[in-house]
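Input: a single structure, listed below in structure tokens.
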Amino acid sequence: MTLNHRLSDRRSTAHLTQEQVASALGVPRELVSMWEAGSRIPSATHLAQLASLYSVTEGYLLGIEVLSERHDREVLYRGLPNDPKIKLEVERWLDFLDAWSEFADDAKAGPHAPPRALDQGYETDARRAAALALTTRAHYQLGEGGAVDLFGFLEQLGVLVYRAPLGQQSAQGGVSGAFYNHPDMGWSVLVNADMTAGRQVFTLAHELAHALFHYSKVGLVSRNNFGDAEQKRRERFANVFAGHFLVPGRALKDRLESLGGKAALDEGIILRLAHLFGVSYSMLLLRLLSEKIIDQEAFGRYGSYSVQDIARRLGINADAFLLPSPGEIVWDLERYPTRVLERVRRAVEQGDLSVGEASALLKVDGTTLQTELLGRPGRASDAQTRELTELSEVL
């Protein structure tokens, strides 16, 4: 079987159309057709993307390796929507975890199971989620309330958090994130960075619930309104856990009381509370509703207001409450946590990795790597220099 026949066969096996493949790779459909007809040959970059999309190796497509399906990933693929772009992003995440585990074999990996004190086995009863969320906060000495830097907390545990553009959320089952208990790297989390910053924090707490109480499932995709009864119970449990982990009921009531109590509650107070807990306005509204501090009528009314306008009125930075625009994010490097980028930069500086090897590991071009990661910082501004001089004279 030749390359073009393998491409056609694997696309058919993956139940994808030429249009879907073209969209996932960002190329014209006609080019996909020419690849499968044998009149054009995919570039090295496109061949790698096609291999990821079809769950095979590049060597198989070229006819130099036997077919080797990656069955350990199927548990994640089954939870994905029929969207080749999302599958390609998930493949990129999983490929990176494999590559990183080989390169940084001495790096701190995440746990494969929770601490004994938190290990409840497989749990999906949402009625227990609130208590378990508070127990988790207590075990990790996170205090009884207030914002938790979840990116930093998971980093401290050794959990590798990877961000990728997975599309805007909808009630029809968009992907908010995923959990994978990697055989070498342990707990790993994928977060949809096409969501607001506050929504991403909720996803991290949701995936933490999966890690603590559903780690035996190896891999789970988090989607709205998706799956069988067990999957929906599991997602409901993780949602309730996340809500109470991020905004404990007692802490919420205490904070509200310090701001004037229920009588003073308005949209401004709600946004200030969201800011204090480091969550989205919507998340805070839902917690107020679940704690019976507001009713459905108030929930609907407050939910209809523009968060950006409220933030502007209060002088609060609205960026955390806004959806990112496609052109705002440098996806090449912002996918990775700080410890990964720092390790790669040191490896290049010490000669353990060439620029080409680092580019291949992070799947970025050499120019981006040099500019965004390896280059020296620019010169300090005049204002920064004046401030440094001024403070040097008084401190």
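The values are calculated or read from the model by the stated rules, or taken from the named source; none is laboratory data. Since this is a predicted model, take the numbers as computed values, not measurements. For neighbour counting, all protein chains shown are included, and Cβ atoms are generated from backbone atoms with ideal geometry for every residue, glycine included. Accessible surface areas use protein heavy atoms only, side chains included; no ligands, DNA or RNA. Shrake-Rupley method; radii C 1.70, N 1.55, O 1.52, S 1.80 Å.
So what J values fall out for segment 209-217 if you push phi through Karplus, 6.51 cos²θ - 1.76 cosθ + 1.60 with θ = phi - 60°, rounded to Hz, Gly and Pro as x?
3J(HN,Hα) across segment 209-217, in whole Hz: 4, 4, 5, 6, 10, 10, 4, 5, 7.
Specify the longest stretch of the chain that does not include any exposed loop site, a site being one of the trypsin sites (Lys or Arg not before Pro) with a non-H, G, I, E, B DSSP assignment and at most 10 other Cβ atoms within 10 Å.
Values: sites that count: ARG78, ARG116, LYS292, ARG379.
My reading of the result: 117-291 is the longest stretch.
HN-Hα J couplings of segment 137-151 from phi, Karplus 6.51/-1.76/1.60, θ = phi - 60°, integer Hz, Gly and Pro as x?
For segment 137-151, the Karplus-derived couplings read 4, 5, 4, 8, 6, 9, x, 8, x, x, 5, 10, 6, 5, 4 Hz, x marking Gly and Pro.
For a test of understanding, tell me how many lysine pairs in the chain have Cα atoms under 16 Å apart, given they are 8 or more places apart or on different chains. Please report the intermediate quantities before stating the final value.
On the way: LYS217/LYS232; LYS253/LYS262; LYS253/LYS292; LYS262/LYS292.
Count of close lysine pairs: 4.
Just read off the accessible area of ASP365 with the full protein assembly in place, 1.4 Å probe, to the nearest 10 Å².
80 Å²
So which chymotrypsin sites (Phe, Trp or Tyr not before Pro) in segment 84-124 pass both tests, a DSSP loop state and at most 14 other Cβ atoms within 10 Å of the Cβ?
On the way: sites: TRP93, PHE96, TRP100, PHE103, TYR122; in loops: TYR122.
When the chymotrypsin sites (Phe, Trp or Tyr not before Pro) of segment 84-124 are filtered for loop state and at most 14 Cβ neighbours within 10 Å, TYR122 remain.
Quick one: Karplus J couplings for segment 228-243, per residue in order, coefficients 6.51, -1.76, 1.60, θ = phi - 60°, nearest Hz, x for Gly and Pro?
Once rounded to whole Hz, the list reads 7, 4, 5, 4, 5, 5, 5, 5, 4, 4, 5, 5, 5, 4, 4, x.
What figure in square angstrom, to the nearest 10, would you give for the accessible area of SER12 with a 1.4 Å probe?
70 Å²
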